[in-house]
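Some notes on the structure that comes next.
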Amino acid sequence: MFEQSVHDEAAHITEIRRQLRRFVAARMPREKRIAWDRAHTWDRALFAEIADMGLIGLTVPEEHGGAGVDITAAVAVIEELAQGGTSLAGPYIHAAFYGGMNLAENGSPEQKRLLPGIVAGKTLLAYGLSEPNVGGDLASVETTSRRDGDEIVINGAKRWCTGADWAHYIYCLTRSGDPSARHHNLSFVLVPTDAPGVSMTPLEHLNLRYTASMDVYFDDVRLPASAIVGGQAMWNRGWELLAGRALDVEKIEITALGYGIARAALEEAWTYAQQRRQFGKRIADHQVIRHKLVNARTRLAACRHMLYHGAWLADRGLPCSVETSMAKLFCADVGVEIALACQQVMGAYGLSDAYDMERNVRDLLGMPIVGGSSDIQKNNLARMLRL
């Protein structure tokens with residue numbers, strides 16, 4: 001296992017890592033990881049143990065039942081859980097970030113009453129952002145919400161709504177006014193997944209198979225006005241909730257997942273190369289293999305610095321939009337390079353279910369697409385840097 005080269009890491013984060021490494025090694029063996037991936041599922045009992053450790057509360061203030069907001073520690077949780085694949089790291093993001101951080105920072109007083117249940121791992125959220133006709137251009141969403149007295153009526157469809165089949169709420173971006181206004185007529189609505197008029201169908205996908213992704217349909221879904229995220233004052237102000245700190249942290253958590261998976265892939269290839277023998281010696285003694293692995297480890301170290309620098313800035317409330325976009329772009333693209341190099345080191349075994357490599361490669365291949373694609377990050381960086 002690679003030693004972490006962060007000499008000033010807080011003692012409580014080092015302790016979290018120690019506990020989670022023992023947990024992953026003992027409770028998430030390879031045969032279970034393979035079974036969860038094949039079944040598109042995750043272990044609820046194991047997730048409850050993560051909640052009992054208090055780890056979901058790392059994104060929630062103490063006054064709402066959390067441990068106090070510590071983004072760097074939460075990133076370390078994602079990284080360590082990802083050593084066992086996405087089966088717990090994914091649901092952790094749904095709880096701690098989609099739910100805990102969003103509602104702690106943006107929720108109305110009534111919505112913040114959900115936070116203790118989120119911290120306990122009993123209430124989970126899914127994102128409702130993308131649509132059949134809308135991907136990176138979220139200001140063009142077509143799912144509508146309109147006021148009808150004291151109620152909101154929602155119609156439309158969301159795509160790639162991962163976890164909607166088991167989430168309790170969808171954190172849903174809607175068009176709440178004239179589409180020509182784009183950024184100024186958007187509202188987030190907290191939609192219970194069991195509300196009348198909500199239906200969904202699963203979408204098969206190659207990566208991040210801790211669950212199915214879903215198409216979700218809203219047919220005259222009626223909700224009280226209290227479902228507006230942030231309260232009625234935030235009607236038509238949803239872009240403020242999307243484009244600020246929430247987006248920066250979204251880039252951090254998906255980057256943490258990609259980094260953790262890349263680290264797992266490299267550790268597996270590194271160990272394999274020291275055990276596998278060909279032509280009378282370890283394959284790690286062949287220069288071509290040594291160069292692949294050293295190059296991958298160097299790139300992984302660069303990813304780590306970018307990820308944790310972004311988390312450090314976010315923890316302190318400092319501007320970090322540029323840094324988090326750079327981290328998402330670099331770590332996603334380099335993660336693919338690391339994955340493919342490591343798979344080549346392992347040869348045919350890197351394609352089989354005898355190792356974790358083939359799943360880690362699948363997961364990393366999607367990282368330049370999910371959570372804001374690499375091309376979108378480049379566009380955003382060019383704009384922020386006033387190119």
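FYI, it's all coordinate maths here, none of it is from the lab. Since this is a predicted model, take the numbers as computed values, not measurements. Glycine also receives a Cβ, built like all others from the backbone with ideal geometry; neighbour counts cover every protein chain displayed.
Excluding same-chain pairs closer than 8 in sequence, count the lysine pairs in the chain whose Cα atoms lie under 22 Å apart.
Working: LYS112/LYS122; LYS158/LYS251; LYS251/LYS328; LYS251/LYS378; LYS281/LYS292; LYS328/LYS378.
Step by step, the pairs that qualify in the chain add up to 6.
Based on DSSP H runs of at least 4 residues, each adding -39500 (n - 2.57), what is the mean residue ellipticity at 222 nm of the chain after dividing by all its residues, to the nearest 500 deg cm²/dmol? Let's see the in-between values first.
Details: 13 runs with 176 residues, N = 387.
Mean residue ellipticity, 222 nm, calculated: -14500 deg cm²/dmol.
Looking at region 205-302, which chymotrypsin sites (Phe, Trp or Tyr not before Pro) are in a loop (DSSP not H, G, I, E or B) and have at most 13 other Cβ atoms within 10 Å?
Working: sites: TYR210, TYR217, PHE218, TRP235, TRP239, TYR259, TRP270, TYR272, PHE279; in loops: TYR210, TRP235, PHE279.
Filter output for region 205-302: PHE279.
Give me the dipole magnitude in Debye, nearest 20, for region 265-312 about the Cα centre, with unit charges on the beta carbon: positive for Lys and Arg, negative for Asp and Glu. Could the numbers behind the result be given before it?
Numbers: 9 positive and 3 negative charges, 39 e Å.
With only Lys, Arg, Asp and Glu charged at Cβ, the dipole is about 180 debye.
Which Cys residues of the chain have no other Cys beta carbon under 4.7 Å away?
Cysteines of the chain left without a disulfide-compatible partner: CYS161, CYS172, CYS320, CYS342.
Neighbouring Cβ atoms within 10 Å as the yardstick, rank ILE376, ILE93, ILE118 fewest first. Intermediate results must be reported in sequence, preceding the final value.
Working: ILE376 18, ILE93 28, ILE118 32.
Fewest-to-most ranking of ILE376, ILE93, ILE118: ILE376, ILE93, ILE118.
When THR123, THR255 are ordered from fewest to most other Cβ atoms inside 10 Å of their Cβ, what list results?
On the way: THR123 18, THR255 31.
Lowest to highest Cβ neighbour count: THR123, THR255.
On C-alpha positions alone, give me the angle between the axis of helix 11-27 and the longest principal axis of the chain, in degrees, nearest 10.
For helix 11-27, the angle is close to 80 degrees.
Count neighbours as other Cβ atoms within 10 Å of each site's Cβ, and list the chymotrypsin sites (Phe, Trp or Tyr not before Pro) in region 44-125 that are DSSP loop with at most 16 such neighbours.
Passing both the DSSP loop test and the Cβ count: no residue.
Restricted to Cα positions, what overall size does the chain have along the principal axes? Three whole-Å values, descending.
Sorted largest first, the three principal extents are 79, 47, 41 Å.
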